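The structure under discussion appears below in the form of C-alpha cells.
Just so it is clear, none of the values below were taken in a lab; they were calculated from the coordinates. Everything numeric in this text was worked out from a predicted model, so none of it was measured. In this analysis, Cβ positions are derived from the backbone assuming ideal geometry, glycine residues included, and neighbour counts consider all displayed protein chains.
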C-alpha cells in the first residue's frame, strides 16, 4: 500500500517521500504529492537507491521551477 | 522509499533568491528575509503584533520592538532593516519575523495537505511534531 510521507519544516519547506511503491510505479504517484501540496513549487526531486536498484539505474534530477495549482 | 521531492510554498522565497538578495545593494543596510509574498509579510506582522504604519506597493513599514522597520521587495524577495540600527539588531528583528512567517507557511502547508488528502481519498495515519518539524503520513485506502 503506497504511503506519502511529508515533513513540513519550520520555514514551510516540504520534503515528501513516496514509500512502498517500488520501481517505476513510484513515478505514477509524483502528481499525488504535488496535489497534496498545492500552491507549492517543486525545487528538487531525487530517486533513491531502492528505486535505482530496481530499475538498474540511478539519477538525481533538479527540476526547474514548476508552479502547480490544485 | 523511492522518490523524494522538495517543495517550497509560494510566498516563501527559494534559496537561490535568498542568496542573491544577500549580495544586493538596492536596499541600504537591509538583509534578506525568507518571504516573497506581500500578503505573508503583513500576515506575519499581524501575528507578531507589530503595528503596520505603511503598506504600499512592495514597501511595508512597521513598528517593531527594535524600532521602526522597513520591508522592501527587491526582485523575488523581501529585504528588511530596522531604521538607524546596527546589522545585529536588524538580523535579530528578521530572525523573529522569519520565524513567524515560516510558522504561518508551515501550518498552512499542513492544513492544505490534510484537506487535499481527504479530497483525494487518502487516510492520515500519522501526524506528529518532531522538534518543530511536522511529520504527516498518508496512505492510500
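Laid out as a table, the results:
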item: Rg/Rh (Cα only; Kirkwood hydrodynamic radius) as it applies to region B:15-140; result: 1.07
item: Highest to lowest packing among B:95-102, A:26-33, scored as the average C-beta count within 10 Å; result: B:95-102, A:26-33
item: Global form of the protein assembly as shown, assessed from the alpha-carbon gyration tensor, a/c cut-off 1.5; result: prolate
item: Inter-centroid distance (Cα atoms) of region B:120-134 relative to region B:1-66, Å; result: 27 Å
item: At R0 = 35 Å, FRET efficiency that the Cβ-Cβ distance of residue B:49 and residue B:125 yields, to 0.05; result: 0.40
item: Prolate/oblate/rounded call for region B:39-102, Cα gyration tensor, a/c under 1.5 rounded; result: rounded
item: Separation in nanometres of the label points that stand 7 Å from Cα toward Cβ, at residue B:99 and residue A:15; result: 2.2 nm
item: Cα principal axis extents for region B:1-73, largest first, Å; result: 49, 29, 23
item: Helix-only CD estimate at 222 nm, as mean residue ellipticity for chain B, using -39500 (n - 2.57) per DSSP H run (n ≥ 4); result: -12500 deg cm²/dmol
item: Proxy reagent accessibility, fewest Cβ within 10 Å first, across B:2, A:45; result: A:45, B:2
item: Helix B:38-48 axis, angle to chain B major axis (alpha carbon atoms, nearest 10°); result: 90 degrees
item: Gyration tensor verdict on region B:93-134 (Cα atoms; rounded if a/c is under 1.5, prolate if a/b is larger than b/c, oblate otherwise); result: oblate
item: Full-extension gain in nm, residue B:59 to residue B:42, via 0.36 nm per residue minus C-alpha separation; result: 5.1 nm
